[in-house]
1. With a cut-off of 8 Å between alpha carbons and a minimum separation of six or more residues, what is the relative contact order of segment 118-232 in percent?
2. Rounded, prolate or oblate: pick one for segment 97-239, where a ≥ b ≥ c are the square roots of the eigenvalues of its C-alpha gyration tensor, a/c under 1.5 means rounded, and failing that, prolate if a/b is larger than b/c, else oblate.
3. Tally Lys and Arg at +1 and Asp and Glu at -1 over the other residues with C-beta under 15 Å from the C-beta of Ser132: what net charge comes out?
4. So if I take the alpha carbon set of the chain, get Rg, then get Rh from the Kirkwood formula, what is the Rg over Rh ratio?
5. Ignoring everything except DSSP H segments at least 4 long, calculate the 222 nm mean residue ellipticity for the chain; use -39,500 (n - 2.57) per segment, divide by total residues, nearest 500.
6. Can you work out ³J(HN,Hα) from phi for every residue in segment 69-81, in order, using Karplus 6.51 cos²θ - 1.76 cosθ + 1.60 and θ = phi - 60°, giving whole Hz and x for Gly and Pro?
7. Longer than 25 Å from Cα to Cα, which of Lys24/Lys79; Lys4/Lys156; Lys94/Lys175; Lys75/Lys108 are they? Say none if no pair is.
8. Would you grab the residues whose amide H sits under 5 Å from the one on Phe43? Only those 5+ places off in sequence or on another chain, please, with H modelled 1.01 Å from N.
Amino acid sequence: MKFKDKVVVVTGGASGIGKCIVEKFKKEGAHVCVIDIKDNDYFVGDVGNEQTLIAFANKVIDDYRFVDYIINNAKPLFKGIDNCSYEEFNQALKVGVTAPFMLVKLLKDYLQTGASIVNISSSRDRMSQPQSESYTAAKGGIHALTHALAVSLSGKARVNSISPGWIDVANKEYKGSDTFQHPVQRVGKPEDIASMVLFLCSEEAGFITGENICIDGGMTHLMIYHDDQGWTYQDDKSE
């Protein structure tokens with residue numbers, strides 16, 4: 001097992017993509033340290049709180065003395081300009097950008113040779129829906145933070161980010177236009193992201209750092225027009 005006895009830190013690892021990442025690392029024999037506001041078997045807490053993050057980092061250091069991989073996956077608040085307050089916007093940035101920065105800062109002196117950091121961004125770092133400003137800003141921030149950390153941590157750790165597209169965490173079955181908008185003809189699965197995380201942490205990815213990899217089934221590259229790719233435009237305002 002490639003990751004046997006490696007120490008992995010995963011934020012937001014109690015559900016969704018994060019849980020899949022945790023399960024894959026554990027299957028490979030790694031020791032996984034999770035922090036999440038949801039119940040989990042390691043540490044329950046809000047990464048957006050500095051003291052909580054410090055307590056978590058101290059626990060990891062006390063338990064294992066070193067870290068091999070850090071996966072910054074915790075999900076920031078999703079709100080738009082019409083209903084997102086100043087405090088909520090800042091909280092989204094704390095969870096999505098400040099916490100990844102601070103966690104790496106707290107653990108960087110304990111990183112093992114061959115260490116890797118993977119930040120989970122989003123395809124929203126390059127495209128948007130209305131009323132998505134808090135989440136989109138946070139994901140754009142962690143995308144940029146990635147290449148900055150890659151340069152600062154040169155020789156200490158490789159740092160990359162992944163931008164997932166539409167990832168179904170509820171195991172639903174999609175048909176029609178939901179699949180047609182993806183050139184691969186399906187909606188993404190958590191395993192699609194988790195597999196790339198493990199690859200980026202492996203020795204096979206040893207020449208990759210500072211990169212962002214968009215995993216979206218080609219969705220951001222497909223131009224869709226009326227009566228194209230299974231889509232029909234309907235002007236609701238004219239009804």
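Only the coordinates and a few stated rules stand behind these numbers; no lab work does. Note that the coordinates shown come from a computational prediction; the quantities given were computed from them, not determined experimentally. Every residue, glycine among them, receives a Cβ derived from its backbone with ideal geometry; neighbour counts consider all protein chains shown.
1. Relative contact order for segment 118-232 comes out at 32 percent.
2. prolate
3. Residues near Ser132 contribute +1 overall.
4. Rounded to two decimals, Rg over Rh is 1.00.
5. -10000 deg cm²/dmol
6. Values per residue, Gly and Pro as x: 9, 10, 10, 8, 10, 3, 8, x, 4, 10, 9, x, 5 Hz.
7. With Cα atoms farther than 25 Å apart: Lys24/Lys79; Lys94/Lys175.
8. Residues meeting the criterion, in which the H sits 1.01 Å from N, are Val34, Asp36.
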